[in-house]
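The values are calculated or read from the model by the stated rules, or taken from the named source; none is laboratory data. Remember, it's a predicted structure, so these values are computed and weren't measured experimentally. Note that each Cβ is placed from the backbone with ideal geometry, even for glycine, and that neighbours are counted across all protein chains shown. Note: areas computed on protein heavy atoms with side chains; ligands, DNA, RNA excluded. Shrake-Rupley method; radii C 1.70, N 1.55, O 1.52, S 1.80 Å.
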Amino acid sequence: MPATGDGRAPAAADLPGAHDGAPVGHARNHTTTGPATATPPIPHPRSRAALASHPSHVSDPGGPAADGPADDTPLRLLVIEDDASDAQLIKAAVADSGTSIEIHWARGLDQATELLAPPAPWARRGRSRTPEFGCVLLDLAAPADLPHPSDTSDGLEGLHELLRRAPHTPVVVLTDAAGAELGAAAVAAGAQDFLLKHETDGPLLARALRYAVERKRADESQRRLVEAELRGQENARLQRHLLPTPLLDGAGLSFTRRYRPGRRRALLGGDFYDAVRTDDGAVHVVIGDVCGHGPDEAALGVALRIAWRTLVFAGLTGEALLTTLQHVLEHERRSDEIFATLCMLVIEPGGADGGPDPLGTGERARLYLAGHPAPLLLGRDHEPITLPADLAGPALGLLPCHDGQAAWPAHEVELRAGWRLLLYTDGLIEGRVGAGSRRLGQDGLADLIGDHQAAGLTRGRLVDSAIAEVEELNGGALTDDVAVLLLERSPVQLILG
């Protein structure tokens, strides 16, 4: 861009409003009419021979945008420039760029902010919204219009303020030849590119604008990706802390648990479990399943688990506990159709002074079922046995408690030496067997566990191999939430697996 000796272009005097503070409008000899041509918003610069069929579009600030299909819309460029001669040179470069660009002028940041800010909701009613600007070309010499100027100036006050007011719009800055270092500092501060005023022609301007738009789009995509990763990490930490830590110190039990949500990239599902030992030496175990697989169901499962533990330590057990838990579910669920199945065991202490029997003999347990599959009793000298479910009550939330329709009587279970109990949710038994519609079911699971026991697998290896075979029979990963607990009397201290 050549300049005269006083730094102004010869055609500056021809610009309307160049000295009266009004925005620069259509410049003489560069005014165009008619609709935009069918060109991409920011194509590669073309030869001068093609310019006649691809004129530039210039409009006043706040003027109407070009009508037409999305791919006919030119790049809307906001130029922040208070020098009329430099404004004329920019317009000439745009006309020489071979790119469809619609120019809007602003003399300072205050005027630019009015154009960049989206209209108020009440102002948009019944009116078509003006398209957003695709890029901003900022002359670093333009007044920053700062309400509280800083005493220390680095020449980038205007850029800092623009980035604060329009953080999602790509910015290219203009500076003179002596300010190349300032241009580089502007890029480091957040601008997408910088140009030297008197060394910029049309094709270079078009390339800079196009690259600025793409660079800003890439930066925004990277920012959203980082934010999504941070949210994912935070959600994972929250979900991980919401999984329970069994409180079984002094119980003399080995406790193996496996938990697999059906939702992808989730750590929590609608299944829940917990195990605690109270001061009287009794061990309380629960496993449950909230219908559904979303985050609402996961949150409800956590609420039920925490409520269950609180009620156990408060001294409630049996039907009184389950009735209270149903009231919690009824108040916490998002709709009346939500219910939860549940299996609860209370293992009474069998040793002297209420402590665990070191030989594991003479122990008894009370089993409560609320619409949930019955556990498997894994003895050392016989095949797995499904505990009776003839006294099972309805799932929590299906029937009201106040009129006696919902009842969960206890089933007494004798636990002999070497007992092991496998508790699970229905996600483990509802997988398919082969390509047909046949499901694994409780009987199929008992046979499968028996085979793995006969192979000598115990504890974690037994559970892991069983889940792996269930998935293999299903032909892939199970889509429902799966929770599995293996509780075993052990003469040694608690072992978690």
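Considering only residues that are among the polar types (S, T, N, Q) and open to solvent by less than 50 Å² (accessible area, probe 1.4 Å), which ones fall in segment 463-491?
The answer is 465, 474, 490.
Among the residues of segment 418-440, write down those that are under 22 Å from residue 388 (Cβ atoms) and either open to solvent by 20 Å² or more (accessible area, probe 1.4 Å) or in contact with a helix residue (DSSP H, G or I) (Cβ under 7 Å, 6 or more places away or on another chain) (or both).
Across segment 418-440, the qualifying residues are 422, 426, 428, 429, 430, 439, 440.
Just one of (1) at pLDDT 85 or above; (2) out of contact with any Cys (no Cβ under 6 Å at 6 or more places or on another chain) trips up residue 209, so point out which.
Unmet for residue 209, out of (1) at pLDDT 85 or above; (2) out of contact with any Cys (no Cβ under 6 Å at 6 or more places or on another chain): (2).
Given the condition free of Cβ contacts under 8 Å to residues at least 40 places away in the same chain, farther than 13 Å from residue 340 by Cα and part of a loop (DSSP other than H, G, I, E, B), answer yes or no: does some residue in segment 300-310 qualify?
no
Which ones in segment 261-301 are among the β-branched types (Val, Ile, Thr) and surrounded by fewer than 18 Cβ atoms within 10 Å (Cβ to Cβ)?
Result: 278, single match.
Kindly evaluate residue 198 against the criterion of being at pLDDT below 85, closer than 30 Å to residue 284 by Cβ and not basic (Lys, Arg).
Spelling it out, it is not the case that residue 198 is at pLDDT below 85, closer than 30 Å to residue 284 by Cβ and not basic (Lys, Arg).
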